[in-house]
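Reviewing the structure listed below.
The values are calculated or read from the model by the stated rules, or taken from the named source; none is laboratory data. Source: prediction; values computed, not measured. Ideal geometry is used to build each Cβ from the backbone, glycine not excepted, and the neighbour counts take in all protein chains shown.
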Amino acid sequence: MINPPSRIPKTSSKHTADVLLRAALSKKALNPVLIRLEGLTSVTDYFLIVSARSRRHVKAVAEAVLEDGRKQKIRRYSTEGVQEGNWALLDYGDVVVHIFQTPVREFYDLEGLWAEAPRETLPPDLLREIEVAAQEQDKLEEEW
């Protein structure tokens, strides 16, 4: 009798989004929003949208997400815009990560385009990390 191949459980798209969000936050990504698109489009289950302060920051956040994705063996389908640094798009199939410079994010307004889509509540430890990063950003802006 031949044994069937062992099945590797598919990681949930929400878990993938959380892993990628943690990676983005490790490089101080700002204002994260996780939009659940499951059932609204067949393209993806989630958009993870974060902001960055500069081209260099966009690149650093993108590289952290790419590295953690590789370490976690999360399959990536495509990458766009990392070198340009205005808007990086990292397509992981069930999760699409958008890393914007703040003015570019405001211009394209993906959150507004998907206003009817629910926003996911983030875990408490991440909410605290986001709050600290926002306070640090406010201090930097006051100094300028």
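Of Val61, Val43, which residue is out of contact with any His (no Cβ under 8 Å at 6 or more places or on another chain), of a type outside the set (Ser, Thr, Tyr) and under 16 Å from Gly81 (Cα atoms)?
Details: Val43 fails: under 16 Å from Gly81 (Cα atoms).
Of the residues listed, the single one that is out of contact with any His (no Cβ under 8 Å at 6 or more places or on another chain), of a type outside the set (Ser, Thr, Tyr) and under 16 Å from Gly81 (Cα atoms) is Val61.
Need at least 3 residues that are closer than 19 Å to Ile130 by Cβ and in contact (Cβ under 8 Å) with a residue 40 or more places away in the chain per element, so show me which strands (runs of 3 or more DSSP E) inside the stretch 2-117 make the cut, counting only ones lying wholly within it. So that I can check it myself, show each step before the final result.
Details: elements: 30-36, 46-52, 78-80, 87-91, 95-101.
Fully inside the stretch 2-117 and qualifying: 30-36, 46-52, 95-101.
What number of residues within the stretch 52-71 satisfy the criterion of being surrounded by fewer than 19 Cβ atoms within 10 Å (Cβ to Cβ) and within 8 Å of Ala23 (Cβ to Cβ)?
Of the residues in that region, 2 qualify.
Just to check your reading of the model, which residue among Val43, Val58 is more than 13 Å from the chain's Cα centre (by Cα) and modelled with pLDDT of 90 or more? Let's see the steps before the verdict.
Working: Val58 fails: more than 13 Å from the chain's Cα centre (by Cα).
One residue alone meets the criteria, Val43.
Anything in the stretch 37-51 that is of a type in the set (A, V, I, L, M, F, W, C) and crowded, with 18+ Cβ neighbours inside 10 Å? List them, or say none.
Leu37, Phe47, Leu48, Ile49, Val50 - these are the residues of the stretch 37-51 that are of a type in the set (A, V, I, L, M, F, W, C) and crowded, with 18+ Cβ neighbours inside 10 Å.
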